[in-house]
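This report concerns only the one structure given below.
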Amino acid sequence: MAKRFSKRRFDGTVVHYDSEAEMLADRESQPRLFDFSLFHASYGFVAFLILGLVLSYSFGFLDSWPRWARFTGVLVFACTGGYVIGRLGQVLLYLFLVLILLGILAAISALVWHFV
């Protein structure tokens, strides 16, 4: 019986290979910067749904529209926002990390400026 090689993929499935070279050759591709991410899209959908509900009910937007039109408007707003965040989620994550890094550098610079 030959030796088999196994590897767990990112999506949770296990793939079996007949040789180690075959296993090493089957690399998972890294996601590119503007690829659609369902993870980011789901959080974007929920965030824009909450934002749409807050805008619709708290601030009185769309009050003159019938209920079905308000519902459709909020749902379209949430779907559009989820899609945009799904496409730009990786870029926004990198931008957020750069802003955190700049904040840390500014705090260190202010601390050094204060004591020197």
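The values are calculated or read from the model by the stated rules, or taken from the named source; none is laboratory data. If you're wondering where the values come from, they're calculated on a predicted model, not measured in any experiment. Here Cβ is always computed from backbone atoms with ideal geometry, including for glycine, and neighbour counts include all displayed protein chains. Accessible surface is based on the protein model in full, side chains and every heavy atom, while ligands, DNA and RNA are left aside. Shrake-Rupley method; radii C 1.70, N 1.55, O 1.52, S 1.80 Å.
Rounded to the nearest 500, the 222 nm mean residue ellipticity of the chain from helices alone is -23000 deg cm²/dmol, with -39,500 (n - 2.57) taken per DSSP H run of at least 4 residues.
Using 0.36 nm per residue and subtracting the Cα-Cα separation, the extra length available between VAL91 and ALA69 on full extension is 4.6 nm.
The angle between the Cα long axis of helix 38-57 and the longest principal axis of the Cα atoms of the chain comes to about 10 degrees, rounded to the nearest 10. Volume per residue for the chain equals 195 cubic angstrom (convex hull of Cα atoms).
So with the 1.4 Å probe, I'd like the accessible area per residue for the chain, rounded to whole Å². All intermediate terms of the calculation are to be shown ahead of the outcome.
Numbers: 9610 Å² over 116 residues.
I get 83 Å² per residue for this part.
Using 1/(1 + (r/R0)^6) with R0 = 35 angstrom and r between the beta carbons of VAL98 and GLU28, what's the FRET efficiency to the nearest 0.05? Mind dumping the intermediate values first?
Numbers: r = 26 Å, r/R0 = 0.75.
Given R0 = 35 Å and the Cβ-Cβ separation, E is 0.85.
In percent, rounded to a whole number, the relative contact order of the chain is 26, using alpha-carbon pairs under 8 Å and six or more apart. Compared with the direct C-alpha span, the chain from SER58 to ALA107 gains 13.9 nm at full extension, assuming 0.36 nm per residue.
Ligands, DNA and RNA left out, the 1.4 Å accessible surface of the chain is 71% carbon and sulfur atoms.
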